[in-house]
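Contents: one structure, followed by commentary.
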Amino acid sequence: MYTPAYPNLFTPFKMRGVTVKNRIMSAPNMLFHTVDGRPTDYYIRYLEHKACGGAGIVNLGEVSVCDGGNHTPGMHSTIDNLPLFGEMAQVIHEHGAVASVELTHGGLNVKAQYNEDKDKMYGPVAGVNHFGTSVRAMTKADMDYVADKFAETAEFWLHAGFDTVHIHAGHGWLLAQFLSPLKNTRTDEYGGALENRMRFPLEVFRRIRERVGSKPPLMARISGEEGAPGGFTIEDTLEFVTRLQEYVDLIEVSTDDFSGIFATPYSPLGQNAHLAEFIKKSGKVKIPVYTIGSILSAEQSEKILTDGKADGVSMSRALIADPYLPKKAREGVENRPCLRCLNCTDSDNRNKHFICSVNPLIGREERLGFGAGGESPLTKGGNKRVLIIGGGPAGIQAATTAANLGHTVRLYDKNPELGGWLRFADIEGTHKNEIKLFKVWLINQLKQSGAEVHLSAEVTQKIIDEFAPDNIIAATGSSPVVPNIKGIENAHHATAAYFEPEKIKGEKIAIIGGGLIGTEIAIYLQNLGKRVTIFEIADQICSDAGDMLRLGILKSVFESGVEVKTGVNLTEIPEGFDTALYATGMTPNDALYFELANSAPQVALIGDAKKPGKVDGAIHSGYFAATDV
Ligand SMILES: Cc1cc2nc3c(=O)[nH]c(=O)nc-3n(C[C@H](O)[C@H](O)[C@H](O)COP(=O)(O)O)c2cc1C
Ligand code: SF4
């Protein structure tokens, strides 16, 4: 008899006659449209992938309800796009999920370049935002216009075939701005007391419901709290939601605070669950309450539900890392863990094609296809002999993928353990639990693939002659660059803090180099009770991190009390410190590749050995080197 591991998570329910098959929502991700507002096949296939993976509700990302409300180029809700939007809904339906689209208005946070009618750029009050865009204060007529645009756009998307519409009333966008006592300083009936601040947002929801009628379900994304002193509180939000439930059938509780939206590994998991819990346990809200924010596994989700903190969970990055998480949870298969590295958000924010560090296929479905289980879309039946040198993330990924494709694979690593530099995540206090889980998952995948693994074993000519590989893949990693400054012979590479702690003497530690590695080790040591100073030549630290990750790490630097000195070009080891460490870059270990370049028909160089970088470079190059075999 089948015994479900996560009975609460997989309990279906109905929203106004629409059946939702489980309690997992794929959160909004705005991606892959053209600059003139058309969705691309990339977007449609991405949504299909999400639906195939088993989420109960699959959301499209934000769509602005009108010109004047755009903070990105966005998709246009126009009749010429209707067939493509219909196809989006269709692919979601065909795999059994509920199709939803998120509607928003940027208000104070719009960007002038994405809005034609500059007079329609407005918010609760006038101001100039951090993009340098000037917005004016909304009149009553503007509010009527925007409320009608919300209603009209909701009707449009329902007509396109979507089952529901997710109204964005959180994350500091227009409706949340009205709720905020900090931002909404109006003195008329739309500002001041909570009753007044709720008036316009509630009117928007009322108009939508009036326009679409009682049949379709509606959902709302809200911020549980503003997360700033003097901002709206969870008590205010409860009051708002108590009124909102007249119009909507589900609320998803996030936060207005950016570090609570885009959390790094330095934040706890499920960092917003207490906000959903407050609303749910008040007993005043009768509609399903979902929580969003660092929900990374079925176990964690089930516990949230069992503890009565929420009725469902919404996941964004966990389903980017592995869209098949719901399906795998049902079948007792481990999902590919998300690292909370924010690479996806940062590549997206920089208008680059979106990249996930651990999932080479996501976002590329249109080009590469995708298969059941989210693994290789390519045909199996490989018959090559593949020799992989190096058991770090690149080598493991290459070996696993090649073996899964049917090739005969041998992996050699001179170290006694697999994992390469990911092994540092095993150390207590590094805040790298996600990397640790990922390392364990990678190694498990390798074991299941059937690749032969040789540890504490260097590759010799004898081994090559005997195995006679068709392909050699060199994944030999990288080594630290030693800065050429006076006294460096008395310093150690910063990773000594992890792997050779006996070398860290005394209290006062200098770290030369404030990239990600130096900064994260500085936080680690400071949290161990040391007094750490970072010396960085550039005018800022962590410039090798994307914007959102950098923001999160800087918060941790500040909270930990690490001292930062930027714009410092050291010519010698600084005085007055007990231990000096350096983290001034890595250089590829590629000598073996050059040595073996003619030892097999195909020889590839991957991971740090090709270009020192982060997990994404290792995993992607390992995966594609294997599919190229
Ligand atoms: C690539 C990407 C695109 C996103 N796009 C949207 C969006 O269009 N609308 C929105 O409200 N949130 C958007 N978000 C935020 C997520 O919906 C979610 O709130 C956030 O990632 C936190 O959830 P998580 O910890 O499960 O990732 C996006 C997040 C990512 C990673
Ligand atoms: S890029 Fe990083 S944060 Fe984003 S989904 Fe992938 S692993 Fe998670």
* Residue that is farther than 18 Å from residue 177 by Cα, out of contact with any Leu (no Cβ under 6 Å at 6 or more places or on another chain), modelled with pLDDT of 95 or more and not β-branched (Val, Ile, Thr), where the choices are 80, 148 -> 148
* Asked: Is there a residue in segment 59-66 that is in a loop (DSSP other than H, G, I, E, B), in the same structural domain as residue 262 (by TED's automatic domain parsing) and of a type outside the set (Ser, Thr, Tyr)?
  -> yes
* Residue that is surrounded by the most Cβ atoms within 10 Å (Cβ to Cβ) [pool: residues in segment 26-46 that are within 16 Å of ligand 2 (Cβ to nearest atom) and hydrophobic (A, V, I, L, M, F, W, C)] -> 27
* Asked: Where in segment 516-629 are the helices (runs of 4 or more DSSP H), entirely inside, with at least 1 residues that are assigned by TED's automatic domain parsing to the domain that holds residue 472?
  -> 591-596, 615-627
* Cβ-Cβ below 7 Å, separation at least six or inter-chain, first residue in segment 126-145 and in contact (Cβ under 8 Å) with a residue 12 or more places away in the chain, second surrounded by fewer than 17 Cβ atoms within 10 Å (Cβ to Cβ) and part of a helix (DSSP H, G or I): which pairs? -> 133/112
* Could you list, in sequence order, all residues of segment 206-236 that are part of a helix (DSSP H, G or I) and surrounded by fewer than 24 Cβ atoms within 10 Å (Cβ to Cβ)? => 206, 207, 209, 210, 211, 212, 234, 235, 236
* What is the one condition in (1) β-branched (Val, Ile, Thr); (2) within 16 Å of ligand 1 (Cβ to nearest atom); (3) more than 19 Å from residue 290 (Cα to Cα); (4) not in a helix (DSSP H, G or I) that residue 167 does not satisfy? -> (3)
* Asked: Could you say whether any residue in segment 268-277 is over 30 Å from residue 547 (Cβ atoms) and among the hydrophobic types (A, V, I, L, M, F, W, C)?
  -> no
* Any pair with Cβ under 7 angstrom, 6 or more apart, that starts in segment 537-553 at a residue that is at positive phi and ends at one that is assigned to a loop (DSSP other than H, G, I, E, B) and of a type outside the set (Asp, Glu) -> 542/514; 542/515
* Structure fact -> Taking segment 187-205 and keeping only residues that are among the aliphatic types (A, V, I, L, M), in contact (Cβ under 8 Å) with a residue 24 or more places away in the chain and more than 16 Å from residue 246 (Cα to Cα), one is left with 194
* Among (1) buried (at least 20 other Cβ atoms within 10 Å of the Cβ); (2) within 31 Å of the chain's Cα centre (by Cα); (3) modelled with pLDDT of 95 or more, which single condition is residue 181 missing? -> (1)
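What strands (runs of 3 or more DSSP E), lying completely within segment 430-496, carry at least 3 residues that are closer than 30 Å to residue 267 by Cβ?
none
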* Asked: Of the residues that sit in segment 319-344 and are buried (at least 24 other Cβ atoms within 10 Å of the Cβ) and under 13 Å from residue 6 (Cβ atoms), which one is nearest to ligand 1 (Cβ to nearest atom)?
  -> 325
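The values are calculated or read from the model by the stated rules, or taken from the named source; none is laboratory data. All of these numbers come straight from a predicted model, not from anything done at the bench. Cβ sites come from the backbone with ideal geometry, for glycine too, and all protein chains shown count toward neighbours.
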